Amino acid sequence: MPGDRLRRILAELSDGEGPWPAEQLCAAFPRIAGVEGAGVMLMSGDIPGGSLCTSNDVSHLIEELQYTLGEGPCVDAYQQNTVVTEPDLADPWTIRWLAFSPPALQAGVRAVFGFPVRVGTVRLGALNLYRDRPGPLGADQHADALVLADVTARWILEAQAGAPDGAVPEELETSADFHFSVHNAAGIVSVQENISITEALIRLRAFAYSHDRPLAEVAQDVIVHRLRLG
């Protein structure tokens, strides 16, 4: 029963000490879903806001790749508002994520699964799960992941509800990586080139990818005026 599944998962997440920090959520998700790692990406509009939490170094890399490249399971799950699965990155049925897949495979990722994080029609981001071997999620794993995405969405809304209007809740500031320098750089490029923030972010990503540089490093160069895109 759905209610029994939710109660079981909440019991596995709870340590009896009140609200869980975000990193505790991501640390528990792989064990609950039976995968190697998990991460949560927050998004707004077409722009990834950053990573709420990750469970390990590979999960962190997956989130960073998606943020830098603007493609991957979380991005598609959020934009399409549906579950996105790739049981075998090395031999996919549909060729996609041409920039994301090679470095993910090199890091040991063979299967990835993106689940929208949403409450009703409000989309907040996506939950990413990965495995180090090919194959789809089982029916129970899939059902558990849907519950984990729902728990994450409600955690985010409850955290935001406790913060002043317009402020980032302390719970998010503590654990999340919002790439503030990248957003600042996108704002600078937007003004310099008279383009939208979304287009500015696309240009930053393209420059970072084509020059094989971290997006954060390129952003910092823009902020301190060592680099101008145009």
With axes computed from alpha carbons, what is the tilt in degrees of helix 57-69 against the longest principal axis of the chain, rounded to the nearest 10 within 0 to 90? 40 degrees
Step through the residues of region 138-146 one at a time and calculate ³J(HN,Hα) from phi using the Karplus curve (6.51 cos²θ - 1.76 cosθ + 1.60, θ = phi - 60°), rounding each to whole Hz and writing x for Gly and Pro. x, 4, 5, 4, 4, 5, 4, 5, 4
How much of the accessible area of the chain, in percent, comes from carbon and sulfur atoms when a 1.4 Å probe is used? 53 percent
Give the accessible surface of the chain per residue, rounded to a whole number of Å², with probe radius 1.4 Å and ligands, DNA and RNA excluded. 49 Å²
Please build a GNM for the chain, connecting alpha carbons under 10 Å apart, and tell me which residue among ASP140, ASP88, ASP212 fluctuates the most. ASP212
Work out the FRET efficiency for LEU105 and ASN194 from their Cβ-Cβ distance, taking R0 = 30 Å, and round it to the nearest 0.05. 0.15
Computed over the chain: longest principal axis from alpha-carbon atoms vs helix 180-193 long axis, angle to nearest 10 degrees, is 40 degrees
Tell me the relative contact order for the chain as a rounded percent, counting alpha carbon contacts under 8 Å between residues six or more apart. 19 percent
So what are the ³J(HN,Hα) numbers for region 89-106, from phi and the Karplus equation (6.51, -1.76, 1.60; θ = phi - 60°), rounded to whole Hz, Gly and Pro as x? 4, 6, 9, x, 5, 10, 6, 7, 6, 5, 8, 6, 4, x, x, 5, 4, 4
Backbone HN-Hα couplings from phi across region 76-85 [Karplus 6.51/-1.76/1.60, Hz, Gly and Pro as x]: 5, 4, 5, 5, 8, 6, 8, 5, 10, 10
Per-residue ellipticity at 222 nm for the chain, helices alone: DSSP H runs ≥ 4 residues times -39500 (n - 2.57), over residue total, nearest 500 deg cm²/dmol? -15500 deg cm²/dmol
Just to confirm my numbers, what's the Cα centroid distance between region 212-230 and region 104-142 in Å? 31 Å
For percent of Cα pairs over 33 Å apart, one of (i) 9; (ii) 21; (iii) 17 was computed from the structure I shared and the rest are decoys. Which label? (iii)
Express in Å², to the nearest 10, the accessible area of GLU217 obtained by rolling a 1.4 Å probe over the protein heavy atoms while all chains stay in place. 90 Å²
Would you please give the residues with an amide H less than 5 Å from that of CYS53, counting only those at least 5 places away or on a separate chain, with H modeled from the backbone geometry? VAL40
What accessible area, in Å² to the nearest ten, does a 1.4 Å probe give for TYR78? 10 Å²
Might you work out the accessible area of HIS142 for me, using a 1.4 Å probe with all protein chains in place, and round it to the nearest 10 Å²? 60 Å²
Run the quick spin-label model on ILE223 and ARG5: label points 7 Å from Cα toward the beta carbon, then report their separation in nm to one decimal. 4.2 nm
Expected max-MSF residue from LEU157, LEU25, LEU148 in the GNM of the chain (alpha carbon, under 10 Å) is LEU157
Can you give the angle from 0 to 90° between the axis of helix 22-33 and the longest principal axis of the chain, with both taken from C-alpha atoms, to the nearest 10? 50 degrees
Magnitude of the Cβ-charge dipole of the chain, K/R +1 and D/E -1, about the Cα centre, nearest 20 debye? 440 debye
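The values are calculated or read from the model by the stated rules, or taken from the named source; none is laboratory data. Keep in mind that this is a model prediction, so the values were computed, not measured. Cβ: placed from backbone, ideal geometry, glycine included. Neighbour counts: every protein chain shown. Areas reflect the complete protein model, heavy atoms only, side chains present, ligands, DNA and RNA absent. Shrake-Rupley method; radii C 1.70, N 1.55, O 1.52, S 1.80 Å.
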